[in-house]
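Report on one structure; see the data block that follows.
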Amino acid sequence: MTDTKALVNLEQWESAWQEGRTGWDLGDATPALLSVLQTHEAALFSPSKSEWSVLVPGCGRGYDLAAFAAKKGVSAVGLEISPTGVAEAEKELHQVRNLPRETVQVLLADFFEFSPSAPFDIIYDHTFLCALVPTLRSAWANRMSALVNKGGHLVCLMFPLRDADEKGPPYALSVEVYDELLSPNFKQIFIRDVQESEKLKLGGGEQKMSIWERIMATDAQFNETISTAAPTQLVVADFTATWCGPCKAIKPLYAELAAKYKHVTFVTVDIDQLKETAAKNSIQSVPTFHFYKGGELVANMKGADPRQLQTLVEQHQGPKDESAAGPSVGPHGDLAQFIDTRQIECLNQSDDHTVGSIFGKDAKQYLESDVDEQIILVIPFNQVVKLHSLQISGPKDKAPKSIKTYINRATTLAFEEGDSIEPIEVIDLATVYTAEGDLVSATVPLRFVKYQSVNSITLFVGQNLGGQETTVINKLALFGSPVEVTKNLAELKKDDHQH
Ligand SMILES: C[S@@+](CC[C@H](N)C(=O)[O-])C[C@H]1O[C@@H](n2cnc3c(N)ncnc32)[C@H](O)[C@@H]1O
């Protein structure tokens, strides 16, 4: 392993800052960055999210951070190894530009030692790779892979592109070197020459602006993406290879569809990287497109036929309207693992058919009410979650007709309170069930804005579909995401302030 500490050369950077040798400083954001932030806004800021995290390592005075933070919903973090550099950035961002620390901050940290609680949506490298001695390059690429979210992007201003020599910093780079460093875990989605008017005036060498998308790095990541998507959420996987011409030809359309169908998750699988996934999915040729819902393959397509791809996405896209569910926060998974099963309470359950085993994919036993058709079910979580949707199934005469929901109650709801205490919402299931044999099932979106911080949910069932004496639930699943995942950037900031 590379001894990064020995190679980073803190003293050199600190004295450059102290002595004002900051010839790289443009006095403002990189012009070519400002341009791609406009031309590639949809690609960079996944429309399935409303908040994005950005990292700029070796950020200097942080002008580029300010450019990112101009977009609503962005939290931008800069890293500087030089204390004087951090102080200068503080001055520039918070005194001169008056930017709030909630959206922009610069941390005193070595990029190679930095370990945030979650990866970033976008990383921007501007004269950072070229500032590092070449022996640090593979460590740089490894850190970038670890620090960019899957599906996220690394934006690189490629500089200085010139024949290799010993001089530096800035050390010579080439398009081939970037390819070699990044291609195992990133796919280049854009590259262009930097125009003369946008160029850094830092001496010789061509410059290019490039965007790299973090591809599925492991088979486990692919499995997780497919299996944790909510049942109504379409996931499209493009099985591709770098050597495949038709794959390249259909890429722009794939990117266009990803921008247009914001409620669909689009992933790319390089079959040479994810061999296990390719084998498991019996991929014989590329490109092949697979369409999944709730972990199941619902359609597939071989070849690069643009019209067929478009039609299939349109056909299987699923419900667009997350507005009923509030702001979109990306894919939602089955929260079975976050349910504190030992603390579940169920009032009026029969002795033989208790609530214990109705959760999760392998639900085999059903829950049945006891003396009448009513059920109160309190489901606590072992960490705070956001709830997005609910899936329920039962016999067509005994499944719940409607459900009232309550959250975070200090005391267990009593049956008589079901009529007097205002629920969070009343979900009418009768109209949304679909029948399959003797069973009916439904997946219903919850009013997402109302379930942003849930410790426990109480479900009150008053009646069943057929007016039977007892109510039966065969399977119950709750979809959403733990709050930890979505607030990690805020935490990172908090942690840093405490240090
Ligand atoms: C060439 S300057 C670029 C600054 C900035 N990107 C700009 O364009 O204004 C490189 C910066 O990276 C910082 N740096 C060097 N090694 C670093 C490391 N390992 N971690 C964090 N910052 C580092 C240096 O202190 C320096 O300010």
## Note on the structure
Going through segment 276-305 in order, the residues found to be over 21 Å from Asp334 (Cβ atoms), of a type outside the set (A, V, I, L, M), open to solvent by less than 10 Å² (accessible area, probe 1.4 Å) and outside any loop (DSSP other than H, G, I, E, B) are Thr288, Phe289
### Task
Tally the residues that are free of Cβ contacts under 8 Å to residues at least 60 places away in the same chain and touching a Leu at 6+ places or on another chain (Cβ under 8 Å), restricting the search to segment 90-107.
4
#### Entry: strands (runs of 3 or more DSSP E) contained in segment 186-266 and holding at least 2 residues assigned by TED's automatic domain parsing to the domain that holds Leu173 and free of Cβ contacts under 8 Å to residues at least 24 places away in the same chain
186-193
## Note on the structure
Checked segment 53-84 for anything within 10 Å of the ligand (Cβ to nearest atom), open to solvent by 10 Å² or more (accessible area, probe 1.4 Å) and within 20 Å of Pro119 (Cα to Cα); matches are Gly58, Cys59, Asp64, Glu80, Ile81
### Summary
Flagged in segment 142-167 as surrounded by fewer than 22 Cβ atoms within 10 Å (Cβ to Cβ), within 14 Å of the ligand (Cβ to nearest atom) and within 15 Å of Pro119 (Cα to Cα), in numbering order, are Asn142, Arg143, Leu147
### Task
Output the helices (runs of 4 or more DSSP H) that fall wholly within segment 1-63 and possess 2 or more residues being of a type in the set (Gly, Ala, Ser), or say none.
10-18, 31-39, 41-44
#### Entry: Residues (more than 25 Å from Glu469 (Cβ to Cβ) and free of Cβ contacts under 8 Å to residues at least 24 places away in the same chain) located in segment 375-430
Ala410, Thr411, Ile421, Glu422
### Task
For segment 394-499, please list each of the strands (runs of 3 or more DSSP E) lying entirely inside it that holds at least 3 residues being modelled with pLDDT under 90.
434-436, 439-445, 475-482
### Query
Of all the residues that make up segment 85-96, how many are more than 28 Å from the chain's Cα centre (by Cα) and open to solvent by less than 10 Å² (accessible area, probe 1.4 Å)?
2
### Task
Test each condition in (1) within 13 Å of the ligand (Cβ to nearest atom); (2) open to solvent by 20 Å² or more (accessible area, probe 1.4 Å); (3) part of a helix (DSSP H, G or I) for Tyr171 and report the one that comes out false.
(3)
### segment 119-133, residues that are in contact with a strand residue (DSSP E or B) (Cβ under 9 Å, 6 or more places away or on another chain), open to solvent by 20 Å² or more (accessible area, probe 1.4 Å) and more than 9 Å from the ligand (Cβ to nearest atom)
Pro119
### Summary
Note on segment 8-26: residues more than 9 Å from the ligand (Cβ to nearest atom) and either in contact with a Cys (Cβ under 9 Å, 6 or more places away or on another chain) or open to solvent by less than 60 Å² (accessible area, probe 1.4 Å) (or both) are Ser15, Gly20
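The values are calculated or read from the model by the stated rules, or taken from the named source; none is laboratory data. A quick note: this is a predicted structure, and the numbers were derived from the prediction, not measured. Don't worry about glycine lacking a Cβ; one is built from the backbone with ideal geometry, like all the others, and counts go over all protein chains shown. Protein only, heavy atoms only, side chains kept; ligands, DNA and RNA dropped before computing areas. Shrake-Rupley method; radii C 1.70, N 1.55, O 1.52, S 1.80 Å.
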